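Structure first, then comments.
Readers should treat all values here as calculations from the given coordinates under stated rules, not as data from a laboratory. Here the structure is a predicted model, which means the values were calculated and not measured. Backbone-built Cβ (ideal geometry, glycine too); neighbour counts: all protein chains shown.
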Ligand code: NAD
C-alpha cells in the first residue's frame, strides 16, 4: 500500500471507537503519527491497542477530552502541538446520535446536548485547529456530517440540525481557508455498523435489534450496512494530498441510499 501519511500528524476526535478508530488504524498503516481524542478513556486505550496491533511502533498520543468544552479543545490541540509540533490532517469526527423522537416530543435539553457535541464540538475543533494549519500553509480537515445532514431522516431534530450545520460549517471554512493551502471537506455517511448504530437499533427494537437491522438495510440499494473500514478508506483519501483540490464540499458514503427515489 502507498504510504500517503509517512510522518504526517493526524489528529482524530472520536478516536476511541467506530469511524475514528478505523481511520486511526488505516492512516497508521500508511505511516501516520497519531493524536487520538475522545471522552472515553477506555475507548482510547482500545484504539491505541488496535493501532499497535495493525502498525506496530506507531506514535500514538491519547487525550481524554470533551469536544464540546472549549478548554478541553484548547488542551487537545496544545497537547498535539507539544508532542509533534504540527498537525497535517484533522478528522473532526466525534459525535453522538441522541434520543429518537418526533419533533413535538423532542426534549429541549436533548436538542441542546446533541447540538453542543455534534455542531459546537466541530466548530470549536475548526476554530482551534485552522489557525495551526494556516500558519503552516498546509493541512486538510474532514468533518463528519451524515446523510441526516443532507436529507430528512425523521425523529432526529437535534442530530439533523447539527449535521446540516456541519455541512454549512464545512462550506464556510473551506471558502475562508482555501487561500492558505488548507482544505476543509465533510463526509456524509449512511448507516455504518459501529457501536453508535448498534445502540440506535437497540433504541428502535431492544428485543429484536438484529432483525431490525436487517429490515433497515433491506431498502439500501446495496442491501447491507457500510463497514467502518470503507469510511476510513474515504477519509484517508480526503485527508491525503491526493484530495488536494477537493474543498468546502461534502462527500456521501451510503451505498446509494440517499439517491434512491
Ligand atoms: P461511535 O459511537 O462508535 O464513536 C463516536 C465516538 O465519539 C465515541 O468513542 C465517543 O466516546 C466519542 N464522543 C462522544 N461524545 C464525545 C464528546 N463530547 N467528546 C469527545 N468524544 C466524544 O460512533 P461512530 O459511528 O464512529 O460515529 C462517528 C461520527 O460519525 C459521529 O459524528 C456520527 O454522528 C457520525 N456518523 C455515523 C454514522 C454511522 O452509521 N455509524 C452515520 C453518519 C454519521
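Given R₀ = 22 Å, what would the calculated FRET efficiency be for residue 218 paired with residue 101, taking r from the Cβ atoms and rounding to 0.05?
Between residue 218 and residue 101 the formula returns 0.35.
To the nearest Å, what is the center-to-center distance of the range 136-194 and the range 1-41, using C-alpha atoms only?
With the range 136-194 and the range 1-41 each reduced to a Cα centre, they are spaced 18 Å.
In degrees, nearest 10, range 0 to 90: what is the angle between the Cα axis of helix 70-84 and the longest Cα principal axis of the chain?
Here the helix axis deviates by roughly 40 degrees.
Rg and Dmax of the range 150-250, Cα atoms, in Å?
In order Rg, Dmax, the Cα atoms of the range 150-250 give 16.3, 53 Å.
When the helix-only estimate is applied to the chain (DSSP H runs of n ≥ 4, each -39,500 (n - 2.57), divided by the residue count), what is the mean residue ellipticity at 222 nm, nearest 500 deg cm²/dmol?
Result for the chain, helices only: -14000 deg cm²/dmol.
Could you give the nm distance between label points at residue 40 and residue 180, where each point is 7 Å from its Cα heading toward the beta carbon?
Computed distance between label sites residue 40 and residue 180 equals 3.3 nm.
What shape does the range 50-99 have by the C-alpha gyration tensor, where a ≥ b ≥ c are the square roots of the eigenvalues, rounded means a/c under 1.5, and otherwise prolate means a/b greater than b/c and oblate the rest? Mind showing how you got there, number by number?
On the way: a/c = 2.30, a/b = 1.26, b/c = 1.82.
It comes out oblate by the Cα gyration axes.
Rounded, prolate or oblate: which one fits the range 1-86, using the alpha carbon gyration tensor with axes a ≥ b ≥ c (rounded when a/c is under 1.5, else prolate when a/b beats b/c, else oblate)?
oblate
Which value results for Rg/Rh of the chain when Rg is the Cα radius of gyration and Rh the Kirkwood radius based on the inverse mean 1/r?
On the way: Rg = 17.5 Å, Rh = 18.3 Å.
So for the chain, dividing Rg by the Kirkwood Rh gives 0.95.
Mean separation of Cα pairs under 8 Å and 6+ residues apart, divided by the residue count of the range 28-68: what relative contact order is that in percent?
Working: 49 pairs, mean separation 22.7, N = 41.
Reported relative contact order: 55 percent.
Which of 89, 160, 78 ends up with the largest GNM mean-square fluctuation for the chain, with Cα atoms connected below 10 Å?
Its mean-square fluctuation being the largest, the pick is 78.
Can you give the angle from 0 to 90° between the axis of helix 41-54 and the longest principal axis of the chain, with both taken from C-alpha atoms, to the nearest 10?
Tilt relative to the chain: about 70 degrees.
What angle do you read, to the nearest 10 degrees and between 0 and 90, between the alpha-carbon axis of helix 18-28 and the longest principal axis of the chain?
30 degrees
Stokes-Einstein diffusion coefficient for the range 183-231 at 20 °C in a medium of 1.002 mPa s, Rh from the Kirkwood formula over Cα pairs: what value in µm²/s?
183 µm²/s
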